[in-house]
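Reviewing the structure listed below.
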Amino acid sequence: GLATSAAVGSTTITATFGAVTSAPMSLTVKAANLLSISVTPPTLNLTPGRTQQFTATGVYSDNSVKDLTAQADWTSSAPSVASVGNASGTKGLVSSAAVGTASVTAAFAGVTSTAAPVTVTAATLTSITVTPASPSIASGTSIQFTATGTYSDSTQKDLTGQVIWSSSAIGVST
């Protein structure tokens, strides 16, 4: 007697035992309703000029879940800080532009997700590498060093003209 739905529509159910059949009963299978949308990651921290993909997951009344990333309408509260793609192939892709905060939401079938905060902060310098490493030169000659900075967002920048250079033995080399 267990009826399992296969598609949206209506059917008639009867029970038969020997020569006796029950009165027909109508069974209607309805589409599951979208209950909520969650956006992942739930929070995002970026530096300017970076991108990160959000995904939207819908939870339905039949306890099923569905990836709605490509169907959802995406919105940013501050596109000048962090914009979010809505075109095919870019839906949910956040692009950071300037330091600040924004909130990103996904909406589908009349349901809107909880806002996911996006914080855009300036990258910070984490290390400086000097090259060439351990050089050896003859007295009276010169060698050019290069200082490369590595930042918290893994970008690198030539800092040769911006750093303050020093020598621990100015009598040996300046």
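The values are calculated or read from the model by the stated rules, or taken from the named source; none is laboratory data. Because the structure is predicted, anything quoted here is derived from the model rather than measured. Here Cβ is always computed from backbone atoms with ideal geometry, including for glycine, and neighbour counts include all displayed protein chains. Note: areas computed on protein heavy atoms with side chains; ligands, DNA, RNA excluded. Shrake-Rupley method; radii C 1.70, N 1.55, O 1.52, S 1.80 Å.
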*Of the conditions (1) of a type in the set (A, V, I, L, M, F, W, C); (2) assigned to a strand (DSSP E or B); (3) exposed (fewer than 12 other Cβ atoms within 10 Å of the Cβ), ILE37 fails just one. Which one is it?*
(3)
_Looking only at residues that are assigned to a loop (DSSP other than H, G, I, E, B) and open to solvent by less than 60 Å² (accessible area, probe 1.4 Å) in segment 59-76, which one is farthest from ALA107 (Cα to Cα)?_
SER64
_Selected residue [within 16 Å of VAL118 (Cβ to Cβ), more than 16 Å from the chain's Cα centre (by Cα) and surrounded by 12 or more Cβ atoms within 10 Å (Cβ to Cβ)] from ALA98, ALA32, ALA56, ALA82_ = ALA98
*Report, by residue number, each residue of segment 112-151 that is touching a residue at least 24 places away in the same chain (Cβ under 8 Å), surrounded by fewer than 14 Cβ atoms within 10 Å (Cβ to Cβ) and of a type outside the set (A, V, I, L, M, F, W, C).*
THR114, THR124, THR126
*Hey, can you tell me all the residues within segment 12-29 that are within 30 Å of VAL111 (Cα to Cα) and surrounded by 11 or more Cβ atoms within 10 Å (Cβ to Cβ)?*
LEU27, VAL29
*Identify all residues within segment 101-110 that are crowded, with 17+ Cβ neighbours inside 10 Å and in contact (Cβ under 8 Å) with a residue 40 or more places away in the chain; write none if there are none.*
VAL104, THR105, ALA106, PHE108
_Which of the numbered conditions does GLY49 fail, given that it passes all the others? Conditions: (1) more than 30 Å from SER152 (Cα to Cα); (2) part of a loop (DSSP other than H, G, I, E, B); (3) of a type in the set (Gly, Ala, Ser); (4) under 17 Å from the mean Cα position of the chain (by Cα)._
(1)
*Taking ALA23, is it more than 22 Å from the chain's Cα centre (by Cα) and at pLDDT 95 or above?*
yes
